[in-house]
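Single-structure report; data block below.
The values are calculated or read from the model by the stated rules, or taken from the named source; none is laboratory data. Only a predicted model underlies this, so the values are computations on that prediction, with no experimental measurement involved. Counting neighbours? That spans all protein chains shown, and the Cβs are built from the backbone with ideal geometry, glycine included. Calculation scope for accessible area: heavy atoms of the full protein, side chains included, ligands and nucleic acids excluded. Shrake-Rupley method; radii C 1.70, N 1.55, O 1.52, S 1.80 Å.
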Amino acid sequence: MTQTQKITIGPFNPELEESVYFKLEADENRVVTHVEIINGFIHRGMESLVTKKNFMQNLILTERVCSLCSNNHPFTYALAVEKIAGIKVPLRAEALRVIADEVKRVASDLFNLSMLTHLAHHHELMRDTMNTREHMQDLKEIIWGNRMDMSANQLTGTKYDLDEKKIELIIDTLDRVEPKLRDLQERYENDEIFREKTVGVGVLPYEDAIEIGVTGPVARGSGINNDVRVMAPYSLYAYRKELQPKVTLREEGDVHARAMARFGDILEAVRIIRDVVADMPEGDTYVEKRPHIPAGEAVVRTEAPRGELIYYLKTDGSQKPVRMRWKVPTFTNWEALKVMILGDKVDNVTMILNSIDPCISCTER
Amino acid sequence: MKLEEFNNAVKSKISCGYEFKEDKDSYSNPSAWIILKDKRDSEVVAKAIKAYKGRCVVATAYKNDGEDVHTVIYHFDIAGTIINMQLQTDDATIHAITHILPSANWAEREIREMYGVEPIGHPNKDRLFLDYSIAKGVLNEYISLSKMQLGVSDTDVLWNNVNKEAN
């Protein structure tokens, strides 16, 4: 006789980085037969809040939607405002924006990978991944003054600039980090313990990935390239085609493939930062501090560490947005979890959840 | 994909007319707006997006100022090109497109939850983010404390009352 077990995970659990509630049903072999995911524990009504704040205040508020991809929110928001205002950002500011974004990408992706190795109980690999990430955290602290929120962007440009000494520091840091990253990449690819826990686990087939509309490393792990930096290049990626990343595509669609796609992103980010600092454009870092924002509408996108980030902004000529809407990669990647989890072992659920690098604060806003 | 080609693909199928506008972002990436005259034509556009192997990125809704009308904008992507489909509803319903484009699933559920606009035919009736104790369409009804406080000083109510007392 088949015996069904009902299992709940969350909303608060040591294996979950943020609050979410899983209701699972499993058969006698601990294979998941039914998945229900309940959200809403971190909903803060931010889309309503931004319509009560002026354009300058929203630059600060959007940086606080989430911590790991905090730079992408004000960056994309600024692109939307600049589109409506018809402002062309100086080339130096575009370069500075890309540097900040790619530094953040390396730190964010390494954090996800270290959490993945933690859940795989491979603590040596986790320690080495976290130690490598610390170099990027230190770099952020020295240049931007903070280990998470960099405050790099402002409307019409950037708040920060780089002198020769700081550029030297970036290159030194990358020189130290890159060999460690290549070593880690090799270990993630071939380590037996890690492979045993991740290969063939939480598979998202190509067809499902297309239908659900996943983006970022989750899409790339299932063989789909919809990286915004390549498909609709913005900022310096639009002006210098050679900066666009050579994305890592994997066909397997499992937890391991997603981890390796993320590693591809990390190494490309290092290459992009090197290329940008080697040829920094001269000039201003912003156009004007308080631009006039006329009535208008804009839809803009960037590639956050987890995938496509889209902002819709509608203005009426006043100091506040009429409507502002944003969608983060996890918003669509979340539905893919059901495909990944169904038919897999209960023991793998938190690992599969982690493999989409979920950002629940971003998703629920 | 050329935007003109997509426009030609939907032209003969949209029954009640529409406006087609081409746009570009600050980096010359093309995009388009399809502004429907009748919300029932949304399914036609969704089918065309599917035929071009596109996806629904997200959808935005808002209540028009001073009217009992909602504007809904679907943001689609076809191979890196954004196509925005805008429609209006005066009876708080839209025709769901999730059965055509599953990528629209959460976007339509959120519109129902935040604005009380029902996507007819949507396969999932469950709440997405808000607790069941909070009414549907909460963004239509509630105003924040800061707005309320500002609202008092924005109007002349307090000033007039003080003046009346003084006189």
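Out of B:68, B:25, which single residue is charged (D, E, K, R) and within 14 Å of another protein chain (Cβ to nearest Cβ)?
Values: B:68 fails: within 14 Å of another protein chain (Cβ to nearest Cβ).
Of B:68, B:25, the one residue that is charged (D, E, K, R) and within 14 Å of another protein chain (Cβ to nearest Cβ) is B:25.
Name the single residue, out of those in segment B:78-105 being buried (at least 20 other Cβ atoms within 10 Å of the Cβ) and among the small types (Gly, Ala, Ser), that is farthest from the other protein chains (Cβ to nearest Cβ).
Step by step, filter segment B:78-105, then rank; the result is B:96.
Has segment B:32-52 got any residue that is at pLDDT 90 or above, at the interface with chain A (Cβ under 8 Å from one of its Cβ atoms), under 25 Å from residue A:84 (Cα atoms) and open to solvent by less than 30 Å² (accessible area, probe 1.4 Å)?
No, that holds for no residue.
Can you tell me how many residues within segment B:2-31 are out of contact with any strand residue (DSSP E or B) (no Cβ under 9 Å at 6 or more places or on another chain), of a type outside the set (Ser, Thr, Tyr) and surrounded by 12 or more Cβ atoms within 10 Å (Cβ to Cβ)?
2
Could you give every pair whose Cβ atoms fall below 6 Å, whose first residue belongs to segment A:86-111 and is over 21 Å from residue A:167 (Cα atoms) and away from chain B (no Cβ under 12 Å), and whose second residue is assigned to a helix (DSSP H, G or I) and open to solvent by less than 10 Å² (accessible area, probe 1.4 Å), counting only separations of at least 6 or pairs across chains?
Short answer, once both residue conditions are applied: A:109/A:262; A:109/A:265; A:109/A:266; A:110/A:129.
Looking at segment A:123-134, can you tell me whether even one residue there is farther than 22 Å from residue A:271 by Cβ, touching a residue at least 60 places away in the same chain (Cβ under 8 Å) and touching a helix residue (DSSP H, G or I) at 6+ places or on another chain (Cβ under 9 Å)? First the steps, then the outcome.
Step one: of segment A:123-134, the residues farther than 22 Å from residue A:271 by Cβ are A:123-127, A:130.
So of that shortlist, the ones also touching a residue at least 60 places away in the same chain (Cβ under 8 Å) come out as A:125.
Filter once more, keeping what is touching a helix residue (DSSP H, G or I) at 6+ places or on another chain (Cβ under 9 Å): A:125.
Yes: one or more hits.
Just to be sure I understand, how many residues within segment A:299-333 are touching a residue at least 24 places away in the same chain (Cβ under 8 Å), more than 11 Å from chain B (Cβ to nearest Cβ) and surrounded by fewer than 23 Cβ atoms within 10 Å (Cβ to Cβ)?
3
Got a sec? Which strands (runs of 3 or more DSSP E) wholly within segment A:1-99 have at least 1 residues that are more than 20 Å from residue A:317 (Cα to Cα) and β-branched (Val, Ile, Thr)? Outline the logic, then answer.
Working: elements: A:5-9, A:21-26, A:32-38.
Because the criterion is at least 1 residues that are more than 20 Å from residue A:317 (Cα to Cα) and β-branched (Val, Ile, Thr), the strands (runs of 3 or more DSSP E) in segment A:1-99 that meet it are A:5-9, A:32-38.
What are the pairs, 6+ residues apart or on separate chains, where a residue within segment B:61-84 that is farther than 20 Å from residue B:38 by Cβ has its Cβ under 7 Å from a residue that is part of a loop (DSSP other than H, G, I, E, B)?
Note: pairs meeting the criteria are B:77/B:54; B:78/B:1; B:78/B:52; B:78/B:54; B:79/B:1; B:80/A:232; B:81/B:1.
Please determine, by comparing only the residues of segment A:21-60 that are in contact (Cβ under 8 Å) with a residue 24 or more places away in the chain and charged (D, E, K, R), which one is least open to solvent (accessible area, probe 1.4 Å).
Taking the candidates together, the pick is A:47.
Taking segment A:196-235 as the search range and keeping residues that are at the interface with chain B (Cβ under 8 Å from one of its Cβ atoms) and assigned to a loop (DSSP other than H, G, I, E, B), which one is surrounded by the most Cβ atoms within 10 Å (Cβ to Cβ)?
Out of the qualifying residues, it is A:213.
Pairs needed: first member in segment B:105-120, at positive phi; second member anywhere, open to solvent by less than 10 Å² (accessible area, probe 1.4 Å); C-beta distance under 8 Å; at least 6 residues apart or different chains.
Pairs found: B:116/B:137.
Given the criteria modelled with pLDDT under 95, open to solvent by less than 10 Å² (accessible area, probe 1.4 Å) and within 14 Å of another protein chain (Cβ to nearest Cβ), does residue A:156 qualify?
yes
How about segment A:263-300: which of its residues are at pLDDT 95 or above and among the basic types (Lys, Arg)?
Once the filter is applied, which keeps residues that are at pLDDT 95 or above and among the basic types (Lys, Arg), segment A:263-300 yields A:271, A:274.
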